[in-house]
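Bear in mind these aren't lab numbers, they're just calculated from the coordinates by the rules spelled out. All values reported here derive from a predicted model rather than from experimental measurement. Virtual Cβ from ideal backbone geometry, glycine too; neighbours counted across all protein chains shown.
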Amino acid sequence: MRLEAAIEGVLFAMGGSVDEKTLAQALDVSEEEIREGAENLARELTEQERGIQLLRLENRYQLGTRRECYEPLIRMAARPRKPVLTNVVLETLAIIAYRQPITKMEISKIRGVSSDHAVNKLIEYDLVCEAGRLDAPGRPILLATTEEFLRRFGLPSVEALPDVGAEKMAELQEEAERESTQEEAEVTV
């Protein structure tokens, strides 16, 4: 059996992502051979314009639906399961993505308002998860992005996030502070 076919079969059967080491052990080949086989499989799926694609998520692989097939999929679903991300939730997600691992308190400090609701929504949508605990009084939970975050935003790893320089980050933080001050002023009026 060709290695590419074996990789495809295992990934299809598993449904979720599988790391290189596990694939290598299951198929009795080296991790380098898995990487080469995965590259060949990804190329074949693209060249044949198949309905699936091979996703690489850090050192893991997963089969997923090609973007061009999303519309028919959505029409078939009773209701799309893709959650709507509000501006507040997106802002919170961006903070977590760029500063991970990070605590809720640190997120709230950056945003200038409580972020509990937004963080809870991100956890519910499986875009953020607990990544351990900070070694500090109260042992606050550290938050980080998930594989679902990488899939949803089409990223192979968090290192692929667009670079936001320190100057742009400071500008965004100032803008968030101005907005929260405006919201507070509107509430007190």
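Data table
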quantity: Counted charge near L54, where neighbours are those whose Cβ lies closer than 12 Å (Asp, Glu -1; Lys, Arg +1); calculated: +2
quantity: Cβ-defined net charge surrounding E68, 12 Å radius [Lys, Arg +1; Asp, Glu -1]; calculated: +1
quantity: Rounded tilt (10° steps) of 31-47 against the dominant C-alpha axis of the chain; calculated: 90
quantity: Full-stretch length increase - A26, L134 - with 0.36 nm per residue and alpha-carbon distance subtracted; calculated: 35.3 nm
quantity: Listed residues K121, K104, K168, most fluctuating in the chain (Gaussian network, C-alpha, under 10 Å); calculated: K168
quantity: Spin-label model distance (nm) - D116 vs T86, 7 Å beyond Cα toward Cβ; calculated: 1.5
quantity: Computed lengthening from S157 to R75, 0.36 nm per intervening residue step minus Cα-Cα distance; calculated: 26.5 nm
quantity: Measure of compaction for the chain (Cα Rg per 2.2 N^0.38 Å); calculated: 1.27
quantity: Over the chain: helical MRE at 222 nm, DSSP H runs n ≥ 4 each giving -39500 (n - 2.57), nearest 500; calculated: -16500 deg cm²/dmol
quantity: Zero-based 5 Å bins, Cα pair distances in the range 3-73, whole percents; calculated: 3, 18, 30, 26, 14, 6, 3, 1
quantity: R0 of 35 Å, Cβ-Cβ distance E124-R35: FRET efficiency to nearest 0.05; calculated: 0.55
quantity: Rg to Rh, two decimals, where the range 87-188 supplies the alpha carbon set and Rh follows Kirkwood; calculated: 0.98
